[in-house]
Amino acid sequence: MAFSSWRGSVGIIKPTLRLGSIEEFIRLLPEGVGVLPLFVNIRKGTVDEFKSVLDHFEERVKDLAEAGVDLIHPEGAPPFMVHGFDGERKIIDGWERKYARPIVTAAMTQVEAMRALGLRKIVGVTYFRGEINDTFARYFRDAGFEVLAMEGMDVDFDQVQRLSSKEVYAHTRAAFLKHRDADGIYMLGSGWHVTDILGMLERDMGVPVVHAMTARVWAIQHRLHIHEPRQGYGRLLAELPAPVRDVQAVARG
């Protein structure tokens, strides 16, 4: 084990070649967690492309397992959401048996984070247009949540990183104010860089925000048995709530 990973190591599989999110991720991780990144070069962000890249993800999973990381985290919720909530679980169970390493996807960390925060009714925002947002909503409904909306932004997939966090704030605020009975906000993807507005959104809207980046850092901390809160990025990282193990208990309320 390298000295730099004295608290554990995670291998991540980035779905795109965008700059920024790895740097942001490493800054939010506690010191002593080693990160080994690999990439899948998704370019169009279409359903067909997401469905076609599963073999590429598995190749990277194999490489990371052979490298001996403690945890494997395929990023990019859409490439797994398109297989459905149950379909994703079957894929990951198969990979864990085959490669003998714990694996958690981005979408799985987001579901776990919502449950840990006690969310039941969510408003989601994404940087996708059209019907694929229905796929995302169906995934979370199948996971046991009431999805009041899943509203995409009108932006090209290869231009997402150019959005300002203030543009995203305005979009998210407008979506939430249409459904004020929601008890949480979900922000899909780390293609947009919005960690600077998460705390502001929570204060202004009065509900927790689950974002891909903070859910990822939260889930990795728990899996590596680390408890190091971070202030300024919302309740999830500030409080580090424990994962909910009894999912049926959550459903019963």
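FYI, it's all coordinate maths here, none of it is from the lab. Every value quoted in this text rests on a predicted model; they were computed, and no experiment measured them. Neighbour counts are summed over all protein chains in view; Cβ atoms, including those assigned to glycine, are modelled from backbone coordinates with ideal geometry.
What list do you get for His171, His227, His83 if you sort them by fewest beta carbons within 10 Å?
His227, His83, His171
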Sequence ranges 68-77, 151-160, ranked by mean other-Cβ count within 10 angstrom, highest first
68-77, 151-160
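Among Trp218, Trp95, which comes first, then next, by fewest other beta-carbon atoms within 10 Å? Can you show the working numbers first?
Numbers: Trp218 28, Trp95 19.
Final ranking by Cβ density, sparse to dense: Trp95, Trp218.
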Step by step: find N for the chain, compute 2.2 N^0.38 Å, then divide the Cα radius of gyration by it. What's the final number?
0.94
Using the eigenvalues of the Cα gyration tensor, what equivalent ellipsoid semi-axes result for the stretch 117-217 when each is taken as the square root of five times the eigenvalue, whole Å, largest first?
19, 16, 13
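Translational D (Stokes-Einstein, µm²/s) of the stretch 11-58 at 4 °C and 1.567 mPa s when Rh comes from the Kirkwood sum over C-alpha pairs? Numbers along the way, then the final one.
On the way: Rh = 12.1 Å.
For these conditions, the coefficient is 107 µm²/s.
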³J(HN,Hα) across the stretch 49-60 via Karplus (A = 6.51, B = -1.76, C = 1.60, θ = phi - 60°), whole Hz, x for Gly/Pro?
5, 4, 6, 8, 9, 4, 5, 5, 4, 5, 4, 6
Based on other C-beta atoms within 10 Å, arrange Arg162, Arg230 from fewest to most.
Arg162, Arg230
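Rounded to two decimals, what is Rg over Rh for the stretch 159-219 when you use alpha-carbon atoms and the Kirkwood radius?
On the way: Rg = 11.2 Å, Rh = 11.9 Å.
My calculation of the ratio gives 0.94.
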What's the magnitude of the charge dipole for the stretch 73-222 around its Cα centre, counting Lys and Arg as +1 and Asp and Glu as -1 at the beta-carbon? Answer in Debye, nearest 20.
300
